[in-house]
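Every number here is computed from the coordinates shown, using simple stated rules; none is lab data. These numbers come from a predicted model, not from an experiment. Counting neighbours? That spans all protein chains shown, and the Cβs are built from the backbone with ideal geometry, glycine included.
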Amino acid sequence: MLRYLAVLALARAINTASRSAPLRVRGGADDARATHACAAALASAKGKAAPKIARWRLDVDDGRLCPKGWSAEASSLVEDALREFDAATRAHWQSDDRVKSRAALAAYLQSEVGAAHLDQLQGAAERRLRQLKAALGRVYAKAGSADADAFDAELRKAEHDFDGDAARCRVDALKLEGVDERTAFLDAARQLASDFEASPAAQLVATRGERKRAEKAAKAAQRAARQDAAKGKAPSLVPKAVNVAVQLVGMLRPVGLGNLQGYCSYAMGPHSLLFGYADDRDPNGGGMDGDEIPLFRLQPKFTVDVDL
């Protein structure tokens, strides 16, 4: 009787243990099925995510930066990929392959979506810097100098615009908020504003401003002259400008009857120097002896240009 009770208790213990923790053989068919299922789920998740990520990269190349709804779309892609992988591999939740495959999928999404997020923000930063440079140029042209208050206002506007870009590109599923990119953009924007007055763009703006003012003054003078002529007034003979210049012309003629000639000149503002060399020695047959032609001649010229 006692032997019967002992066998019955052992059978119940074995039955209970088998139901609570099923026996598995490592390296057997169960592991093979888990490996295959996890690899297939990983490949499927990557295959679904890759086209969208590629389209985002092309959007940056085409100038479609930080579009409305991008943040929600990126977060949804990450969450859906992980959710579908979990659903496809739920039967193998104890498998080490599942843990490794899920970690690989998370790393893939972090890398690829993070790169697309960075491309969006870098493209947006370049666009906002171009807009800031153009705005600073307009302020500089209007004021004729670097207006600190106006420059600060343009900086704040650029910062606000970039913050909007960063908000439209954040990826909550990966905690990508663009903090480092915002700091880099602000540093570049401040540097652009501080160096703008000495930049080629500012010099070009100043040159255009001077040209416009000169053209405006010339047109005003022409209108005044036409009005005076219509009223019968004699034109003013007072010179508007007087330019004085000195020109030196020199010629070296050594002894000989060759045919070598050459000239060189040098200009210093309105003044100039012209120097020549010739060894033709009376090429026109004027009958002059060699000693009658000077070796070197120097002829100064003095010019006065009067602008009435």
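Odds and ends about this structure:
- Residue among 60, 139 that alone is within 27 Å of residue 168 (Cα to Cα) and not small (Gly, Ala, Ser): 60
- Candidates 133, 142, 157, 68 - the one that is farther than 22 Å from residue 39 by Cα, in contact with a Lys or Arg (Cβ under 9 Å, 6 or more places away or on another chain) and charged (D, E, K, R): 68
- Scanning the stretch 52-91 for residues that are surrounded by fewer than 18 Cβ atoms within 10 Å (Cβ to Cβ) and at positive phi returns 63, 69.
- Given (1) in contact with a Phe, Trp or Tyr (Cβ under 9 Å, 6 or more places away or on another chain); (2) over 16 Å from residue 183 (Cα atoms), index of the condition residue 158 fails: (2)
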